[in-house]
Each structure stands twice: as structure tokens, then as C-alpha cells.
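> One structure, pasted below without further comment.
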Amino acid sequence: MGIRHHVARSSLLLVAVAVDPSLQAKAPNAADHSIQRFLAQDDTQPPYRAVRRLEAENGSRAGWLEATTEYAPETGFRYEVTAEGGSEYIRTNVLRAVLEGEQEAVARGEIGRSSLGQENYTFQAAGVDDDGLANVLLSPRRKERILVSGKMFLQPDDGSLVRLQGVLAKSPSFWIKNVEIVRSYARIEGAVVPVSLESNAHVRFLGPATLRITYVYSHIGGRDVGASMSTP
């Protein structure tokens, strides 16, 4: 889910004076254009094969695991844990639970209900930031744990998704609340796919918890990505 640096009020005033009003007027239009390009894209999940590394920490307990993951429309989502270490509690109740939850969601057909489309969200252009990315405010149409209330960042020229950040519209359970996420994406073999996920949450009675997932793809859409593929 980025850290904004504090800027003194005097600096803000200087920036406001220095910015060309014509550029300020163009920013919302650029963001609107990006939204249109984004919504026009085919967001069908391509078949893939990837190695994921999952790491989680809660208090003094920390654990990790690596798993080979595969998805295809015909077979759904499958995974195989290939290495693991650290707290058995974390590995079993957090990391494996993440993979099992994804497997169940795919099997139940819930992926479409969480897609970044107009059936699930309303979109509001919020200009272009200092990194040149179009900022778009996301408002879920329903309070569901699979939807995110926050912001997405798009490439202004083609509407490619770069980052999604915010909080889950609904807590996953009584035990977990205030779930913040940052998911980063990259275009690989013509498809925009997630390459990392960072999440912070509060576990009732146990305090703060963190989760990080990174993806290294070997195949996307039936094409070999290559061994040199790396993640952030």
C-alpha cells in the first residue's frame, strides 16, 4: 500500500506560485484520459507460472515460504510449497492461509467480483503526480473484503496500472482489522501482472502484523518469460 514526505507550508506556497496554471488545467484531463484507456483494456487474467516468496511478521514471530504457483482457466489456481522457514504458526496460519484463500476464491469465481472495473468501483481523476503518474481515487460500490478503498496510479499514455494502494473496504474477520495494502504491477510479455504486495494490519489481541509477497514469473500467457525476470 507509499510514504509522503512532510513539506513545510512555505514550500507549498512557493510551489503553488511556480506551477504554470495551464499545466494544472491539463492534469485532470490527463488523468481522465488514463482512466478511459485503463477501462478499455482487457483485464482477463492470463495463464501464468510464477515463484512467490511470502514473508510475514507479528510481534516476535516471523516466517517465510516460497511456492511455485500456477493459474489457468481450465485448472484454476494451484500451488506447491518448495521451501519455508521461521515460525510454524506464521507459516500455517498466515502464509499458507493466503495461498489457500486465493485458491478458494478462484474456485468460487470471486475474481471477477474484485476486478478494477466499473461494476465494482467508481473512479475519480485526481491529477498527475510528481512521478508523472495519473492518480485515480477508488470508491468501492460495496463493502466487501475483496475490494479496496484508496487510489490507483496509471501510466498516463496508455493507462497501464502501476500501483494500487488503500485499505480493504471491509475487515477480513473479527480478528483482523485496518488492513492496508500496496500492490505494484509491471507489464510483462504484454500483460500487466502483480509483482509485489505489501500489507499492514492489526490483529486483535496480538498487535501489528506485516505481509510481503514478491513474484518471479517464468511463463505468462503460454510464453517463456526467461530466467532473468526479477521483482522490485
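The values are calculated or read from the model by the stated rules, or taken from the named source; none is laboratory data. The structure displayed is predicted, hence computed values, not measured ones. Don't worry about glycine lacking a Cβ; one is built from the backbone with ideal geometry, like all the others, and counts go over all protein chains shown.
> Might you check whether a residue that is in contact with a Phe, Trp or Tyr (Cβ under 8 Å, 6 or more places away or on another chain), crowded, with 17+ Cβ neighbours inside 10 Å, under 30 Å from N135 (Cβ atoms) and of a type in the set (D, E) occurs anywhere in segment 62-84?
no
> Next question. Specify which of the listed residues (R163, R141, R183) is farther than 27 Å from S87 by Cα, charged (D, E, K, R) and within 12 Å of the chain's Cα centre (by Cα).
On inspection, the qualifying residue turns out to be R163.
> The conditions are (1) touching a Gly at 6+ places or on another chain (Cβ under 7 Å); (2) surrounded by fewer than 19 Cβ atoms within 10 Å (Cβ to Cβ), and R91 fails exactly one of them. Which is it?
Just one mismatch for R91, condition (2).
> Would you confirm whether or not segment 61-70 contains a residue that is at pLDDT 90 or above, within 22 Å of the chain's Cα centre (by Cα), within 24 Å of L164 (Cβ to Cβ) and not in a strand (DSSP E or B)?
Among the residues of segment 61-70, not one is at pLDDT 90 or above, within 22 Å of the chain's Cα centre (by Cα), within 24 Å of L164 (Cβ to Cβ) and not in a strand (DSSP E or B), which makes the answer no.
> Are there strands (runs of 3 or more DSSP E) fully within segment 145-215 with at least 1 residues that are within 20 Å of Q124 (Cβ to Cβ)? List them.
In segment 145-215, the matching strands (runs of 3 or more DSSP E) lie at 148-154, 161-168, 176-188.
> Between a first residue in segment 200-214 that is under 14 Å from A62 (Cα atoms) and a second residue that is at pLDDT below 85, which pairs have beta carbons less than 6 Å apart while being 6 or more apart in sequence or on different chains?
Listed pairs, sorted by first residue: A209/V203.
> Taking E189 as meeting all but one of (1) at pLDDT 90 or above; (2) on the phi > 0 side of the Ramachandran plot, write down the number of the exception.
So the condition that E189 fails would be (1).
> Would you pick out the residues in segment 104-125 that are surrounded by fewer than 17 Cβ atoms within 10 Å (Cβ to Cβ) and not in a loop (DSSP other than H, G, I, E, B)?
If the condition is that a residue be surrounded by fewer than 17 Cβ atoms within 10 Å (Cβ to Cβ) and not in a loop (DSSP other than H, G, I, E, B), then E104, A105, A107, G112, R113, S114, T122, Q124 are the ones that fit.
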